[in-house]
Amino acid sequence: MKRFPLVLILITLIFSTLNFASSPSKVLFLSDFTHSLKNELIFDLKFEDIYQTRFSFDFESLENEVKLSNVDNVINYFKFDQAGFEFSYRNPGNRNDPYFLTDSFDSFSMVLDDYFVLTFNDLKIGIIFKESLFNMSFWTEVTDLSQSKVAMTLATPNNLGISLGFEDIMKYYFRAGDLLFSLDDNALDSVYILNQDFLLEYNASTQSLWVDSIYFDKNDENFYFRIPVTRNLFLTYSNLGIGVSFYVELLGENN
């Protein structure tokens, strides 16, 4: 995903979507006033029956520098869906397979006929057998067939499930709605929340936590916790100080 032509995709989506008056797309602006100034432009683009995506750009002014969004965190989610073909990023849909969900968090995925998957991060190929109460999947890296793994999943229609992942070691995956977490040797290994409005990723091996939402942001350096006062005004607490945030719609159905 890091080498994917993101700029070209984003520019194309912005111009093509915002030029269709019937499209329920929005451009939002979030500004945090603490001891520093952080601005975020959020593009929520939808072209009905073809694609939808949400991405954002951060501009953070610190004492001696200005920081911009990391390219890995620009896109919140993306979905292009046609009959027999799907191209997506951080879009779990109704799938319960744990490897599809975890790989979809940081990689574009292409799905053919609902069961053959190609992820563009490390070029992984997956075969997801028919998803029902019980399903299986097989995954391997194109460049290293020894890195293969199998998952067996029991899941209910309301996205409650448990999976066994057979890779270097056995892992246990549990899903409840948008929440997915795994255990490794009876210890917490990873946590994911995949939602169009709230994203969270925690990795125990690196002790890294990343959260992206209107109410709480957390990156490698700073966090912002926003308490709504009105629809457009928030009280904000962060490691940089206490302040206020403004959240306004620049372009949308109401503008």
Select, from ASP58, ASP72, ASP113, the only residue that is farther than 30 Å from THR230 by Cα, at pLDDT 80 or above and not hydrophobic (A, V, I, L, M, F, W, C). ASP113
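Name the single residue, out of those in the stretch 227-255 being without any contact (Cβ under 8 Å) to a residue 60 or more places away in the chain and part of a strand (DSSP E or B), that is nearest to SER36 (Cα to Cα).
Taking the stretch 227-255 and keeping what is without any contact (Cβ under 8 Å) to a residue 60 or more places away in the chain, we get 227-235, 237, 239, 254-255.
Among the residues that remain, those that are also part of a strand (DSSP E or B) are: 227-228, 233-235, 237.
Numbers: ILE227: 18, PRO228: 20, LEU233: 17, PHE234: 16, LEU235: 15, TYR237: 12 Å.
Taking the candidates together, the pick is TYR237.
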Anything in the stretch 207-218 that is part of a loop (DSSP other than H, G, I, E, B), open to solvent by 50 Å² or more (accessible area, probe 1.4 Å) and within 17 Å of SER56 (Cβ to Cβ)? List them, or say none. TYR215
Among what's in the stretch 219-234 and is closer than 22 Å to PHE43 by Cα, surrounded by 14 or more Cβ atoms within 10 Å (Cβ to Cβ) and of a type outside the set (A, V, I, L, M, F, W, C), pick the residue that is modelled with the lowest pLDDT. ASN219
Determine whether TYR237 is under 19 Å from the mean Cα position of the chain (by Cα), of a type in the set (Ser, Thr, Tyr) and either surrounded by fewer than 17 Cβ atoms within 10 Å (Cβ to Cβ) or over 22 Å from VAL27 (Cα atoms) (or both). no
Within the stretch 46-55, track down each residue that is without any contact (Cβ under 8 Å) to a residue 40 or more places away in the chain and surrounded by 17 or more Cβ atoms within 10 Å (Cβ to Cβ). LYS46, PHE47, TYR51, GLN52
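Name the one entry in LEU180, LEU199, LEU194 that is open to solvent by less than 30 Å² (accessible area, probe 1.4 Å) and touching a helix residue (DSSP H, G or I) at 6+ places or on another chain (Cβ under 6 Å). Outline the logic, then answer.
Details: LEU199 fails: touching a helix residue (DSSP H, G or I) at 6+ places or on another chain (Cβ under 6 Å); LEU194 fails: touching a helix residue (DSSP H, G or I) at 6+ places or on another chain (Cβ under 6 Å).
None of the others qualify; the one that does is LEU180.
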Tally time: how many residues in the stretch 131-147 are surrounded by fewer than 14 Cβ atoms within 10 Å (Cβ to Cβ) and hydroxyl-bearing (Ser, Thr, Tyr)? 3
So for the stretch 194-203 (the condition being under 26 Å from PHE129 (Cβ atoms) and assigned to a strand (DSSP E or B)), does at least one residue qualify? yes
Restricting the first residue to the stretch 196-214 and requiring it to be in contact (Cβ under 8 Å) with a residue 24 or more places away in the chain, which pairs with a second residue that is loosely packed, with under 14 Cβ neighbours inside 10 Å and not in a strand (DSSP E or B) meet a Cβ separation below 8 Å and a spacing of at least six or different chains? TRP210/ASP220; ILE214/ASP197
Filter the stretch 162-177 for residues that are over 19 Å from PRO92 (Cα atoms), open to solvent by 70 Å² or more (accessible area, probe 1.4 Å) and assigned to a strand (DSSP E or B) and give the result. PHE166, MET170
From the options SER25, SER69, SER61, SER88, residue that is open to solvent by less than 20 Å² (accessible area, probe 1.4 Å) and not assigned by the TED database to the domain that holds LEU179: SER25
Sort out which residues of the stretch 91-130 are out of contact with any Leu (no Cβ under 9 Å at 6 or more places or on another chain), open to solvent by less than 10 Å² (accessible area, probe 1.4 Å) and farther than 30 Å from LEU41 by Cα, and write them in order of number. ASP97, TYR99, VAL117, ILE128
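The values are calculated or read from the model by the stated rules, or taken from the named source; none is laboratory data. In this text the structure is predicted, and so the values were computed from the model without any measurement. Methodologically, a virtual Cβ is constructed for each residue, glycine included, from the backbone with ideal geometry; neighbour enumeration extends over all protein chains shown. Accessible surface is based on the protein model in full, side chains and every heavy atom, while ligands, DNA and RNA are left aside. Shrake-Rupley method; radii C 1.70, N 1.55, O 1.52, S 1.80 Å.
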